[in-house]
Amino acid sequence: MAEKEARSIDQATLEMIEKASQDGARVVFERAETTRACPIGQEGSCCSICAMGPCRVMAPKGKEETLEERRKRVGVCGATPETISARNFVRKIAAGTASHGDHGRVIANFFLSVAKGEAPGYQIKDEMKLLQLAMDFGIPIGDRTNEEIAIDIGKLMVNEFGKQEGELLFLKRAPLKRQKLWRDLGVAPRGIDIEVAEAMHRTHMGTDQDYKDLLESGVKVALADGWGGSMIATELQDIIFGTPQPVLSQINLGVLKEDDVNIIIHGHEPQLAEMLVRVAQDPEMIEYARSKGAKGINLAGMCCTANEMLMRHGEPVAGNFLQQELANVTGALEAMVVDVQCIMQGLVDTAKCYHTKIITTDARAKIQGATHMLFDERNAFESTKAIVRAAIDNYVNRGKNVRIPKYSSPMVAGFSHETINYLMGGMFRASYRPLNDNIINGRIRGVAGVVGCNNPRTLHDAGNLEMVKELIKNDVLVLQTGCMAMASAKAGLMVPEAAAKYAGPGLASVCEAVGLPPVLHLGACIDNSRILIAATAMVKEGGLGDDISDLPVAGAAPEWMSEKALAIGQYVVGSGIFTVFGVNWPTVGNKEVSEYLFKDMESRYGGMWAFEPDPVKAAQLMIAHIDKKRKALGIDQARERVLYDMAMRRALES
Ligand code: SF4
Ligand code: MSK
């Protein structure tokens, strides 16, 4: 087994990996060593979509291939390595889009239920956002009630999933030039489900067999995620649960409490989490917990549900993706309550060594060996109470083998597009003007979105930390979502004081003036749509070009693992943003497909992919891209002047 330090840079994680090994509990870090990645699948050179295969079409390593050899390197059906590679890639994007889309669809239907009064316990929290959306869609406001307006919005949004023709409504939010480009290239999505279905059809055996055409269809289906399913989910969640505002919280396994009933909610959709926040504070439930010998109920989050509860309520976060099983290992967790996406089946096996109850709550996601307690949105309070009661009942089963790592870090989260607008511009003239001005004058060199998961094939949290530190040191403001946001928060980058400690002088001066951390938490992975909205707002504010691809911005996912991350990357690239992924790259076995993604896409979309597993080098690629855009905008000179001033100031200070 590898040295434990080779697995994570997070002390709480290392401590729990060691405890797991002492307790005989298997966790993901160990499985990643015993279950090696398949090198052929990893490079995208295996096709298994029909029963004539699987067909493996790897290029010979370390020697030139003759034309004859190359001609023979095809699947049984004759599919070329390019077709196979592109098909695999597009299928992953379709799966990611389907997952975000299904989340968005559930939220749209839930929104409609709330508006109709069929989901007691929930109501419209952000009236301003509701009315703004109504105006965007031309829905009459007049003297209608919020609920009447919301019913119209809900129906319109539900319709986006099954729509067969036309264009997704949210595409109209993009800069005009970008909208035209999508139309000209034939990638403007019609509806969400139709694009997923078409991508699955195109990639079926014997259908689309032109790799460039396949990859273009990958852009179309990904745009149905970013400007469709994900954006719908974020917007409607904000209206019902409240648009996030800056909140203070704590993060890491140290947020679990020795004497409380500990409950972690893990997954993605926030309806149950929202109700859990209420039920955990219910005097009757607290009394019930006390009757079992606990001091109270401690609710924390894991992965993206954690982000949802954090952003809107400041609830503590127990950890990111690779820490989920380690929460069981503390021996202090009464229930891990899960819904959909990123929930490791290994949780059940790990829990067998402790008393933790793994409770699945969604009809779409059951796990063998877990307890299934269906969460019913129409009877939310009572069905949540039943879940909390089951956790409390389990407190008496807690053994003596309890060790909660003493690590937790303070963090500020809650930076929606609206709060950035407000914080930068002020309440009475909320605007992106100060952000754009600071980019133009060079104090802020550019903006980077660093998002995505953890992956045990790379050192846990390290890729994120090295990349983010390199970016902010070079005056790049960093926006984060998902599990990468958590990695930064654990390391202390999401507090205002981090600006003076880690940021370059230009970025630090802006952060200090506004009271912002240099790294902003924008929410869950579904909320990457907030980054699209923020980028569009920067374009519309003026002075930084007339399309997203003109902006000095870049994206990255240094530790990605999920298909959703690929869908996100593809919609970000398709929206005009240079994006670099770490760990491994699913088309690396095919030169032509990789070149199309890494080079040719730029001439079509103004954005392209890159693969660089070294996080510092990846950050430098992002900075070089930002500088290229600054030069094209003619604002590179301004930055040089500021740098000179700062260098002088440093020299004076030393
Ligand atoms: Fe092999 Fe072609 Fe079937 Fe793929 S579709 S498994 S390449 S025969
Ligand atoms: S939870 S998709 S591991 S970010 Fe959204 Fe984290 Fe990636 Fe899941």
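The values are calculated or read from the model by the stated rules, or taken from the named source; none is laboratory data. Note that the coordinates shown come from a computational prediction; the quantities given were computed from them, not determined experimentally. A quick note on method: Cβ atoms are made from the backbone with ideal geometry, for glycine too, and the neighbour counts reach across all protein chains shown. Remember, those area values only see protein heavy atoms, side chains included, never the ligands or the DNA or RNA. Shrake-Rupley method; radii C 1.70, N 1.55, O 1.52, S 1.80 Å.
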Legend entry - Inter-centroid distance (Cα atoms) of the stretch 508-559 relative to the stretch 127-174, Å: 25
Inset, instruction - Work out from phi, with θ = phi - 60° and the Karplus expression 6.51 cos²θ - 1.76 cosθ + 1.60, the ³J(HN,Hα) of each residue of the stretch 119-128, listed in order in whole Hz, and give x for Gly and Pro. - result: 10, x, x, 10, 8, 6, 9, 10, 5, 4
Inset, instruction - For the chain, state the average projected area of the convex hull of the C-alpha atoms over all orientations, rounded to one decimal in nm². - result: 30.0
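Rounded to the nearest whole Å³, what is the per residue volume of the convex hull around the Cα atoms of the stretch 81-241? Before the final figure, lay out the partial values.
Numbers: hull volume 16.9 nm³, N = 161.
Taking the convex hull of the Cα positions in the stretch 81-241, it is 105 Å³ per residue.
How would you rank 348-361, 131-144, 252-265, 299-312, highest first, on the average number of other Cβ atoms within 10 Å across their residues?
Numbers: 348-361: 21.5, 131-144: 13.3, 252-265: 23.8, 299-312: 28.9.
Packing proxy ranking, top to bottom: 299-312, 252-265, 348-361, 131-144.
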Inset, instruction - Kindly write out, for the stretch 516-522 in residue order, the coupling ³J(HN,Hα) from the Karplus curve 6.51 cos²θ - 1.76 cosθ + 1.60 (θ = phi - 60°), rounded to whole Hz, with x marking Gly and Pro. - result: 9, x, x, 10, 9, 8, 9
Legend entry - Selection from Gly142, Met494, Leu597 lying farthest towards where the dipole of the chain points positive, charges on Cβ: Leu597
Legend entry - Two-decimal log10 I(q)/I(0) for the stretch 429-633, as the Debye equation yields it once each C-alpha is a single scatterer, q = 0.08, 0.14 Å⁻¹: -0.23, -0.74
Legend entry - Inter-label distance, nm, simple model (7 Å from Cα along the C-beta direction), Glu167/Phe137: 1.8
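Where does the stretch 176-317 land on Rg(C-alpha)/(2.2 N^0.38 Å)? Don't skip to the answer; put the middle values down first.
Numbers: Rg = 21.8 Å, N = 142, 2.2 N^0.38 = 14.5 Å.
After normalising by residue count via 2.2 N^0.38 Å, the value is 1.51.
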Legend entry - Cα point-scatterer Debye curve for the stretch 1-154, base-10 log of I(q)/I(0) at q = 0.13, 0.17 Å⁻¹: -0.86, -0.96
Legend entry - the stretch 264-369: Cα Rg divided by the 2.2 N^0.38 Å rule of thumb: 1.02
Inset, instruction - Net charge near Lys92: determine it from the other residues with C-beta under 14 Å of the C-beta of Lys92, scoring Lys and Arg +1 and Asp and Glu -1. - result: +1
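Could you work out the percent of alpha carbon pairs in the stretch 400-467 separated by over 13 Å, rounded to a whole number?
Numbers: 1795 of 2278 pairs.
Here the long-distance tail beyond 13 Å is 79 percent of all Cα pairs in the stretch 400-467.
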Legend entry - Spatial separation of Cα centroids for the stretch 355-389 and the stretch 57-95, in angstrom: 44
Inset, instruction - Please report, in debye to the nearest 20, how large the charge dipole of the stretch 81-241 is about its Cα centre when each Lys and Arg carries +1 at its beta carbon and each Asp and Glu carries -1 there. - result: 340
Inset, instruction - Could you order peptides 606-619, 46-59 by the average number of other Cβ atoms within 10 Å of their residues, highest first? - result: 606-619, 46-59
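Given +1 on the Cβ of Lys and Arg, -1 on the Cβ of Asp and Glu, and no further charges, what dipole in debye does the stretch 483-541 carry about its Cα centre, rounded to the nearest 20?
Working: 4 positive and 4 negative charges, 24 e Å.
Dipole size: approximately 120 debye.
What do you get when you divide the Cα radius of gyration of the stretch 397-536 by 2.2 N^0.38 Å, with N the number of residues? Intermediate values should be presented prior to the final figure.
On the way: Rg = 16.3 Å, N = 140, 2.2 N^0.38 = 14.4 Å.
Cα-based Rg divided by the globular estimate yields 1.13.
Run lengths n ≥ 4 of DSSP H only: what is the helix-derived mean residue ellipticity at 222 nm for the chain, with -39500 (n - 2.57) per run over all residues, to the nearest 500? It would help to have the intermediate numbers written out before the result.
Working: 29 runs with 321 residues, N = 654.
Helix contribution divided over all residues of the chain: -15000 deg cm²/dmol.
How long is the gain from Phe598 to Gln123 if the chain were fully straight, where each residue apart is worth 0.36 nm and the alpha carbon distance is subtracted?
Working: separation 475, 0.36 × 475 = 171.00 nm, distance 4.54 nm.
Net length gain for the segment: 166.5 nm.
Using a 1.4 Å probe on the protein heavy atoms, what percent of the accessible area of the stretch 109-153 belongs to carbon and sulfur? Numbers along the way, then the final one.
Working: 1190 of 2290 Å².
Ligands and nucleic acids excluded, carbon and sulfur give 52 percent.
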